[in-house]
Amino acid sequence: MPVTSVTTDPEALTMTLVGDFPVPVERLWSAFADPRQLERFWGPPGYPATFGSYDLRPGGIAFYWMTSPEGARFYGHWEFAEVEKPSRIVVLDSFADADGAIDTSVGTGRMELIFESTASGSRFTALSIFDTTESLEQMLAMGQVEGMTQAIGQLDAVLADLREYALGKGTQTEVMDDTHVRITRAFEAPRHLLWRAHTEPELMKRWLLGPDGWEFSICENDFVVGGAYRNAWAPVGDTPGEPFGFEGENLVIEPERRIVTTERMTGAPFPANINDLTFDEVDGVTLMTLLITYPDMAQRDMILATGMTDGMEASYARLERELIAAH
């Protein structure tokens with residue numbers, strides 16, 4: 001975890017987050033100067049940001065929104081008060097409506113983003129300054145400490161060279177807490193090809209099979225927000241095992257970037273998971289991230305114990321052989 005400290009000072013009306021990274025300060029700066037990179041981490045897991053505008057200069061404006069796994073949007077408005085490359089950005093930070101207008105019912109804060117060189121790389125400091133005790137307490141009650149910590153905790157993957165960070169390491173599974181699991185897999189392929197492989201039934205049936213000896217028997221999807229889907233698999237010939245399937249609803253669809261769905265095993269008496277699948281491409285390498293939210297720890301452990309990630313890796317390896325190699 002790159003975040004080394006988060007402190008609040010009720011007397012000074014500040015919150016300070018500090019993180020250290022093993023990269024030059026210019027590389028750290030670039031992650032905040034480029035909105036496409038910023039989108040990859042600005043927002044806690046499950047609430048990625050989309051920047052509709054980003055004018056990084058004194059007096060410039062940025063407008064963004066975070067989209068929840070249920071599809072709800074939360075809007076923000078930044079005015080850049082000071083920009084000193086590559087050491088400092090000062091932002092007047094406001095909530096906004098869907099048209100980008102500032103929400104005056106919530107106070108505007110001042111956020112100073114500071115970038116410094118260190119002996120081991122660089123340090124990032126986010127100093128949030130509030131105008132009243134009430135504003136500070138309101139932001140803390142809304143989870144700003146946790147949200148900022150989780151957001152900056154994702155910055156390592158953005159700063160890293162994806163080829164060194166993830167390519168060739170197969171399917172990686174990280175248990176984040178009692179109800180969240182993050183699964184990552186890197187591919188030497190463009191994002192649009194990975195998107196097609198996950199959304200076009202004729203392509204999905206060529207690779208999404210799990211272990212050898214199984215077939216993708218049902219692949220149905222009304223691929224719109226609110227549409228339903230149903231997938232099923234069955235053993236072929238003498239392959240052991242019983243047919244099974246999953247069904248659910250599409251909650252969020254952002255072409256070539258993100259798909260959020262509910263997922264319930266067909267016929268099983270369990271509540272649904274939420275699967276949040278994202279695609280990020282850098283220099284021809286696409287990092288695919290699946291954030292799974294389980295209803296409770298017991299269901300999380302039960303599903304992980306099935307060897308789910310082993311089956312996923314078998315499918316992903318087939319995807320590389322059957323589709324990526326052909327392109």
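The values are calculated or read from the model by the stated rules, or taken from the named source; none is laboratory data. Everything numeric in this text was worked out from a predicted model, so none of it was measured. FYI the Cβ positions are ideal-geometry reconstructions off the backbone, even for glycines, and counts take in every protein chain you see.
Only strands (runs of 3 or more DSSP E) whose full extent lies in the range 211-286 are considered here, and the ones with at least 1 residues that are farther than 21 Å from Thr67 by Cα and polar (S, T, N, Q) are 214-221, 228-235. Taking the criterion of being over 27 Å from Leu17 (Cα atoms) and within 18 Å of the chain's Cα centre (by Cα), would at least one residue in the range 199-216 satisfy it? Scanning the range 199-216, I find no residue that is over 27 Å from Leu17 (Cα atoms) and within 18 Å of the chain's Cα centre (by Cα), so the answer is no.
Against the list (1) in the same structural domain as Val225 (by TED's automatic domain parsing); (2) buried (at least 18 other Cβ atoms within 10 Å of the Cβ); (3) part of a strand (DSSP E or B), the condition Ser122 fails is (1). Looking only at the range 276-302, residues that are in contact (Cβ under 8 Å) with a residue 24 or more places away in the chain and over 22 Å from Leu167 (Cα atoms) come to 7 in all. Within the option set Thr309, Thr286, being surrounded by fewer than 20 Cβ atoms within 10 Å (Cβ to Cβ), over 22 Å from Gln150 (Cβ atoms) and among the β-branched types (Val, Ile, Thr) holds for one residue only, Thr309.
Please pick out the residue among Tyr229, Tyr294 that is aromatic (Phe, Trp, Tyr), under 21 Å from Arg206 (Cβ atoms) and not assigned by TED's automatic domain parsing to the domain that holds Met66.
Tyr229
Evaluating Thr239 against the criteria (1) of a type outside the set (Lys, Arg); (2) under 15 Å from the mean Cα position of the chain (by Cα); (3) over 26 Å from Val158 (Cβ atoms) leaves one unmet condition, (2).
Would a scan of the range 126-135 turn up a residue that is among the aromatic types (Phe, Trp, Tyr), in contact (Cβ under 8 Å) with a residue 12 or more places away in the chain and in a loop (DSSP other than H, G, I, E, B)? Yes, that holds for at least one residue.
Among the residues of this structure, Asn221 counts as one that is buried (at least 16 other Cβ atoms within 10 Å of the Cβ), out of contact with any Ser or Thr (no Cβ under 6 Å at 6 or more places or on another chain) and assigned by TED's automatic domain parsing to the domain that holds Arg206.
Residue check: Met142 meets all listed conditions (1) crowded, with 18+ Cβ neighbours inside 10 Å; (2) under 30 Å from Ser87 (Cβ atoms); (3) free of Cβ contacts under 8 Å to residues at least 24 places away in the same chain but one, namely (1). Summed over the range 158-199, the residues that are touching a residue at least 24 places away in the same chain (Cβ under 8 Å) and basic (Lys, Arg) give a count of 4. Within the range 168-189, the set of residues being surrounded by 14 or more Cβ atoms within 10 Å (Cβ to Cβ), in a loop (DSSP other than H, G, I, E, B) and under 18 Å from the mean Cα position of the chain (by Cα) comprises Thr171, Met176, Thr179. Restricting attention to the range 225-242, the residues being free of Cβ contacts under 8 Å to residues at least 40 places away in the same chain, under 19 Å from Ala272 (Cα atoms) and not basic (Lys, Arg) number 7.
Out of the residues in the range 62-92 that are among the polar types (S, T, N, Q) and part of a loop (DSSP other than H, G, I, E, B), which is nearest to the chain's Cα centre (by Cα)?
That would be Ser68.
Taking the condition in a strand (DSSP E or B) and either modelled with pLDDT under 90 or over 15 Å from the mean Cα position of the chain (by Cα) (or both), does Phe95 pass? Against the criterion (in a strand (DSSP E or B) and either modelled with pLDDT under 90 or over 15 Å from the mean Cα position of the chain (by Cα) (or both)), Phe95 qualifies. Residue under question is Thr199, and the condition is that it be among the β-branched types (Val, Ile, Thr) and either more than 30 Å from Glu11 (Cα to Cα) or in contact with an Asp or Glu (Cβ under 8 Å, 6 or more places away or on another chain) (or both); does it hold? Here the answer is yes, as Thr199 does meet what is asked.
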